[in-house]
C-alpha cells in the first residue's frame, strides 16, 4: 500500500507568508497513484499533528508499504554545538498563530519509525541538512529562529501497537544543500516545480533521473540533492 503526508504551508496572514507552497502540495497530490491513501494538508498543520500522523503511519505500515512525506514551507536553523558547524536545520510548521519548529534530528526520529520504504521530499531552506542570487519574483524560504515568536517541538516517543520494525529504506529528495536557501515563486517552490515538470516529461521516472533534472534546472540559485539509506536504491520509481 502507498500512504502519504503531503504538506504545503503558506503561513497565510503572518509576516512569514509565502505564495506557492499549497500549490506544491496540490502538484504532488495530483501525481500520486490513485490508490494511494493520503491527502494534501494545507492552511494550518502543527508539529504535534505531524508527530501524531507519523505515529499512526508507524502503527499501520508494513515492510511492503511505501510512505511519501512531502513538505513545502519555511526552514530555519537552530544552534547546536554538538554539530561540527554549530547548528542544525529545522522545519517550520504552522498552528495558525505561531511557528512550531521540528529540529532535523527529531524529524528524522519521527520518520525512521515507519516501516517499509519512506520517500521524503523537502522544499525548504537548509533541506540538505536533512541528509544565491534570485530574481525579484521569488523570495527565499528562510526565517531566522525567534524564541519569542516560535517554539521548538521535540519528538516524544508514543506507545505503539506492535513490535518495532527494522529501519525503513529511506529516500531523501532535498531542495537545496545544507547551507543554502530554497526559493518560492507565485506558482510553487523553485525545486518542487522543476521536480513535477521532470515527472511529467521523463520516463522512466526514477528518483535519480528526476533529481538530476531538477539539479540542472535549479542551478545556480540552489542545489537539489538526494541520498538513499538502509539499502535504498536511486533507481526506484518515485510514484
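Read-outs: derived from the displayed coordinates by stated rules, not from any lab. None of the values given here were measured: they were computed from a predicted structure. Using ideal geometry, Cβ is built from the backbone for each residue, glycine included, and neighbour counts are taken over all protein chains shown.
Judged by the mean number of other Cβ atoms found within 10 Å, the most tightly packed of the peptides 43-52, 27-36 leads the ranking 43-52, 27-36. Calculate the spin-label point distance for residue 108 paired with residue 49, positioning each point 7 Å from the Cα along the beta-carbon direction, and give it in nanometres. Result: 2.7 nm between the two label points. Label separation (residue 219 vs residue 34): 3.9 nm, computed from points 7 Å beyond Cα along the C-beta direction. Considering helices alone, the calculated mean residue ellipticity of the chain at 222 nm is -7000 deg cm²/dmol, with DSSP H runs of length four and up weighted by -39500 (n - 2.57) and normalised per residue.
When peptides 180-189, 228-237 are ranked by their average number of other Cβ atoms within 10 Å per residue, the highest-first order is 180-189, 228-237. Counting neighbouring beta carbons within 10 Å and listing from fewest to most, the residues 100, 149, 212 come out as 149, 212, 100. In whole percents, the pair-distance distribution calculated for region 1-49 from its alpha-carbon pairs, binned every 5 Å from zero, is 5, 21, 27, 21, 15, 7, 3, 1. The modelled label-to-label distance for the pair residue 146/residue 237, using points 7 Å beyond Cα in the direction of Cβ, is 4.7 nm. Here the chain carries DSSP beta bridges of which approximately 40% are antiparallel, counting only pairs with both residues inside.
Counting 0.36 nm for each residue step from residue 15 to residue 1 and taking away their Cα separation leaves a gain of 1.1 nm. Which entry is the computed Cα extents along the principal axes in Å for this structure: (1) 52, 41, 38; (2) 53, 45, 36; (3) 48, 43, 35? Matching the structure shown: (3).
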